[in-house]
Amino acid sequence: MSEFVVWFESYRKGLKGEVGGKGASLGEMTGAGLPVPPGFTLTTTAFRKSKEQSHVDEDIARLLFELDITDTDMVTERCKGIRESFSKMEIAAPVEVDLRRAYQELCRLSGTINIPVAVRSSATSEDSPDASFAGEHDTYLWIRGEDAVVEAVRRCWASLFTDRATCYRVKMGYEHHLVEMSVVVQKMVRPISAGVAFTLNPINGDRSQVCIDSAWGFGESVVSGEVTPDNYLIDKVLMEIRQRKVSIKEMEFKLSDHDSVERSELEEERAKSPSLTDAQITAIAKLAKAAEKHYGCPQDIEWAVDADMSEENNIVLLQSRPETVWSKKTSSAEGTSQSSGDFMASIVSTLMNPLHTKK
Amino acid sequence: MADRFPSPFDIETPEGAEGWEEMYVYSSLFSEHRRKSEDTTFWFQDGVHWPNVLTPWDATFLEYALASLSQYNSRHLQVPPADGIAFRILNGYCYLSPVAADPSKIEERVANFTDRAGHYFMNWDDLYSNWMVKIRDLIGELEAVQFTALPEIEDADLVVKSGAGVGSGYQMQENYHRIVSLGLKLWNYHFEFLNLGYAAYLDFFMFCKTIFPGISDQAIAKMVAGVDVDLFRPDDELKRLARKALDSGVAEAFSAGDVDATCEILKSSADGQEWIASFEESAEPWFNFSTGSGFYHRDKIWIENIEVPFEFIRNYIENLKEGKDLNRPVEAIRAERDRVVNEYAELISTDEDREAFQGKLGLARTVFPYVENHNFYVEHWAHSVIWRKMRELGAIMVDQGFWEKPDDIFYLKRVEVEEMLWDYFVSWATPEAPAGPGYWPPIIADRRRKCSALANWKPVPALGAPPEVITEPFTVMLWGITSDSVNSWLGGGEQLEGELRGMAASPGLVEGPARVILSPEDIGQMQEGEILVAPLTAPSWAPIFGRIQATVTDSGGMMSHAAIVCREYGLPAVTGTGFATAKIETGQRIRVDGTNGVVTILD
């Protein structure tokens with residue numbers, strides 16, 4: 001660990017500003033024994049150090065001067081300029097040394113030369129509970145080799161200035177030069193299937209259920225909404241699968257021969273078969289439940305079934321963050337006579353109201 | 001989809017059963033006088049308690065039970081939305097119809113109910129321990145009733161010189177009156193607590209469903225269910241006796257072939273005699289246990305048919321020899337219950353709701369032992385005594401030439417037994433030949449014929465006009481009648497070919513060969529790994545639950561005894577399917593999804 005590189009297992013609470021939301025989340029999960037693929041975070045200090053010795057801040061100030069966010073052509077052109085400035089930027093020498101060393105360490109740990117990694121932006125604002133701002137910054141998958149990793153880091157930094165992210169900051173009144181980014185470098189999983197899970201029922205906020213969306217291949221198809229995923233509801237306490245909706249998943253994202261993720265149409269048989277076994281469904285639900293217990297509030301997780309691992313531990317947690325929709329409401333019996341201290345009023349009200357014990 | 005069920009007035013009488021109406025009291029029949037309302041009311045067949053044809057005397061408990069239930073709802077406690085449950089007998093089968101309270105009286109009823117039911121809830125422990133005293137006293141009084149043939153001459157000291165002023169003839173009439181009036185009292189006691197128990201349970205149930213809309217019925221049941229329940233005690237006693245037989249080296253006696261041979265061997269050794277003494281100790285009261293619902297004189301009672309408990313004990317001995325652990329995992333059940341409660345409590349968002357949850361759970365657990373335990377005391381123990389006493393009376397009348405078999409007495413209506421005893425008394429007093437020996441045999445023969453003819457009729461699940469929505473809480477809880485089941489009976493709903501839907505009474509998913517059991521006599525046929533398909537199950541079938549994979553019944557709700565026992569034994573169960581015994585054949589492979597209440601025929 002250095003001021004530029006924080007391994008997931010070295011993460012401590014005080015480092016959140018350094019590693020960003022994603023980096024902190026992966027660090028916490030690793031510390032809590034939740035099964036995330038191994039990796040490290042390149043800190044915001046690394047970002048700052050590199051930026052300080054470049055002209056990027058001046059370029060940003062110049063290009064964003066009097067930016068009209070309703071003028072899409074203007075936004076596109078100016079943001080492109082900023083990203084170009086990032087891509088030409090030299091990474092500070094001590095940062096680059098640490099980054100390359102850390103990547104080599106990851107290769108050594110995984111026993112693979114040029115281990116494929118995911119390089120993800122981990123902005124300090126992206127994953128905060130009050131701003132559900134997922135997907136605004138970039139993720140680069142299947143990056144192999146030191147040089148490619150360095151390049152991907154640069155691109156992640158540049159992704160702070162995508163059109164959308166830039167407009168968002170203008171709208172929210174954030175200062176562009178204060179926005180920082182850390183970058184997560186993590187061993188890739190090769191997913192058989194992947195998806196998301198909520199530790200509550202997103203339809204009604206029922207916290208006694210886990211809801212899983214799952215599709216073949218990479219979870220991006222689920223997150224982006226490009227496929228209608230299989231959907232499962234699991235009773236969190238009794239750990240029983242209460243509902244299964246298997247959809248026709250016409251495509252998957254899979255790894256091409258040249259390490260890129262590509263769309264692939266699925267043949268009918270595979271498209272309509274369930275993307276998870278019952279054992280996997282239960283294991284994902286348990287994982288989601290463990291994540292919720294660890295964080296102390298409802299979670300929204302990303303998970304995958306890793307083809308490289310054995311049946312017993314092939315469920316990998318990719319990300320866990322607080323669920324933002326229902327957590328603001330309180331699902332409660334408040335206001336109904338059922339929650340009042342007067343138990344007879346409650347019993348009378350129960351008897352007077354139609355029962356729906358089925359469904 | 002049909003919009004209504006057949007009118008009770010359009011149901012045909014099965015061939016050979018013409019005139020069956022005369023077997024029952026007029027008030028229990030559909031009649032022209034009440035036709036208008038009867039025809040537009042919704043009636044469902046109660047297969048939970050009365051799956052078979054009622055003989056005339058057996059209708060007694062139906063009448064006592066429903067009248068007692070009704071009076072508590074309508075007149076005692078004033079349950080706000082629900083008056084009683086009307087009952088009728090049609091083609092020998094029982095049909096019920098929940099009666100809603102007059103909406104204009106609701107306000108007044110709420111006040112009364114709050115006061116009256118509130119008193120019970122506030123003083124539950126005291127009132128319930130008093131109930132246990134009352135019910136044991138009542139059973140004691142029943143046991144004390146002795147029927148004996150009338151003497152040649154009365155005892156000089158006991159009757160004549162004692163100044164009692166009344167004789168054996170009077171006493172015999174009085175004894176019968178005592179049996180029937182204690183029977184009615186028994187059913188009053190039965191419903192003194194039952195609906196209140198359900199109400200508190202329902203309140204917790206609805207609260208859980210508000211906080212956790214997707215919570216399963218079983219999870220709620222699991223949180224409330226007791227661990228040491230009297231209903232499981234008979235089975236526990238069998239296991240204890242099996243262990244004792246092995247420990248004291250007398251287990252071989254159970255391979256002797258039949259009960260008599262087994263008893264011979266047991267009596268021949270000191271250890272065997274000690275085992276018999278131990279059996280007798282368990283038998284009173286725990287083997288006053290019916291193989292059926294307890295509502296039919298034909299249901300075998302363990303204590304009177306010791307081949308039944310002996311066979312179970314023999315099986316348990318075999319299991320023990322194979323090294324099986326017969327113990328119910330009481331500690332594990334308790335720990336699991338605590339885990340479930342704690343996890344749900346932790347998932348509640350506000351302290352206020354958590355407090356309400358704990359309060360309601362507390363009340364539900366206070367009242368629930370009654371719901372679980374009363375069945376043994378009333379339907380099993382007390383009913384066993386009543387059947388026994390009636391049979392004793394029947395045997396006396398056999399000796400007097402009134403009929404052929406002791407059980408013939410159950411082909412008389414309740415009031416006819418009184419007429420018959422009057423005949424016996426008068427003819428003894430006069431003395432002259434009684435008229436009964438000429439009068440009863442043809443009537444009994446005719447009624448036996450009618451009952452056999454009626455037994456071949458498959459009762460339609462419902463009659464009359466379906467309600468828009470089933471809301472009566474007890475109908476749902478106990479009988480498992482919901483708007484969905486009504487729809488599926490009408491031929492609507494989502495029912496697929498080869499699929500039956502019912503109540504998700506006990507969780508789990510299994511596949512296996514079905515065995516359809518229509519009579520308690522046949523439960524011994526169940527083989528290891530089979531799935532039991534029956535009109536209903538009785539708690540006394542528990543000893544075979546170790547052998548089978550799952551249970552499917554035609555009738556019954558979440559709180560039916562079958563459901564309670566299946567949950568206790570961890571067997572998947574779907575209850576209230578309506579037609580399982582008609583649609584499934586022995587040997588067919590079926591899938592039972594007790595978590596979702598679906599049974600699928602796979603063959």
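Relative contact order, whole percent, for chain B stands at 19, derived from Cα pairs under 8 Å and 6 or more residues apart. Restricting the calculation to alpha carbons of chain B gives Rg and Dmax of 25.2, 82 angstrom. Of the GluC sites (Glu not before Pro) found in the stretch B:282-354, those in coil by DSSP whose Cβ has at most 11 other Cβ atoms within 10 Å are B:Glu322. Rounded is the label for the stretch B:496-601, because a/c, from the alpha-carbon gyration tensor with a ≥ b ≥ c as root eigenvalues, stays below 1.5.
Each Cα pair under 8 Å and six or more residues apart adds its separation to the average, and for chain A the resulting relative contact order is 16 percent. When DSSP beta bridges are restricted to pairs lying wholly in chain B, around 75% turn out antiparallel. Put a plus charge on the Cβ of each Lys and Arg, a minus charge on the Cβ of each Asp and Glu, and nothing anywhere else: the dipole of the protein assembly as shown about its Cα centre is then about 1560 debye. For the stretch A:5-187, the calculated P(r), taken from all Cα-Cα distances in 10 Å bins from zero up to the bin holding the longest distance, is 10, 38, 35, 14, 3, 0 percent.
Whole-Hz Karplus values for the stretch A:282-292 come out as 5, 5, 5, 4, 5, 4, 4, 5, 5, 5, 4 Hz, taken residue by residue from phi with 6.51 cos²θ - 1.76 cosθ + 1.60 and θ = phi - 60°; glycine and proline positions read x. The modelled label-to-label distance for the pair B:Asp258/B:Gln146, using points 7 Å beyond Cα in the direction of Cβ, is 3.2 nm. Here each label is just a point 7 Å from Cα along the line to Cβ, and for A:Glu268 and A:Arg12 those points are 6.1 nm apart. Using only Cα coordinates, the Kirkwood hydrodynamic radius of the protein assembly as shown works out to 33.0 Å.
Values of log10 I(q)/I(0) for the stretch B:288-387 across q = 0.14, 0.24 Å⁻¹ run -0.82, -1.16, by the Debye formula with one identical scatterer at each alpha carbon and no solvent. Phi angles across the stretch B:2-12 convert, under the Karplus curve 6.51 cos²θ - 1.76 cosθ + 1.60 with θ = phi - 60°, into 3J(HN,Hα) values of 5, 9, 7, 8, x, 5, x, 7, 9, 6, 7 Hz, Gly and Pro given as x.
Given in Å, the Rg to one decimal and the Dmax to the nearest whole number for the Cα atoms of the stretch A:199-309 are 14.5, 44. Calculated from the alpha-carbon coordinates, chain A shows an Rg and a Dmax of 22.7, 75 Å respectively.
Loop-located chymotrypsin sites (Phe, Trp or Tyr not before Pro) in the stretch A:6-107 (DSSP state not H, G, I, E or B) with no more than 15 neighbouring Cβ atoms inside 10 Å: A:Phe65. Each helix, a run of at least 4 DSSP H residues, gives -39500 (n - 2.57); summed and divided by the residues of chain B, these come to -15500 deg cm²/dmol at 222 nm.
An oblate overall shape is assigned to the stretch B:156-299, the ratio a/c of its alpha-carbon gyration tensor axes (a ≥ b ≥ c) being 1.5 or greater and a/b not exceeding b/c.
In order along the stretch B:130-143, the phi-based Karplus estimate (6.51 cos²θ - 1.76 cosθ + 1.60, θ = phi - 60°) of 3J(HN,Hα) comes to 5, 4, 4, 5, 4, 5, 5, 4, 4, 5, x, 5, 5, 4 Hz; Gly and Pro are listed as x. Farthest toward the positive end of the dipole of the protein assembly as shown, out of A:Ala32, B:Gly359, B:Asn73, is the Cα of A:Ala32, where the dipole comes from beta carbon charges about the Cα centre.
Here the residues B:Trp43, B:Trp457, ranked from fewest to most Cβ neighbours within 10 Å of their Cβ, fall in the order B:Trp457, B:Trp43.
Legend: mean number of C-beta atoms from other chains within 10 angstrom of residue C-beta atoms, peptide B:338-348, equals 3. Residue by residue along B:352-360, Cβ atoms of other protein chains within 10 Å of the local Cβ number 4 on average. Protection proxy ranking of B:160-170, A:91-101, by the mean of other Cβ atoms within 10 Å over each peptide's residues and highest first, is A:91-101, B:160-170.
If only the Cβ of Lys and Arg carry +1 and only the Cβ of Asp and Glu carry -1, the dipole of chain A around its Cα centre is close to 900 debye.
Readers should treat all values here as calculations from the given coordinates under stated rules, not as data from a laboratory. As the structure is a prediction and not an experimental result, all values here were calculated from the model. Don't worry about glycine lacking a Cβ; one is built from the backbone with ideal geometry, like all the others, and counts go over all protein chains shown.
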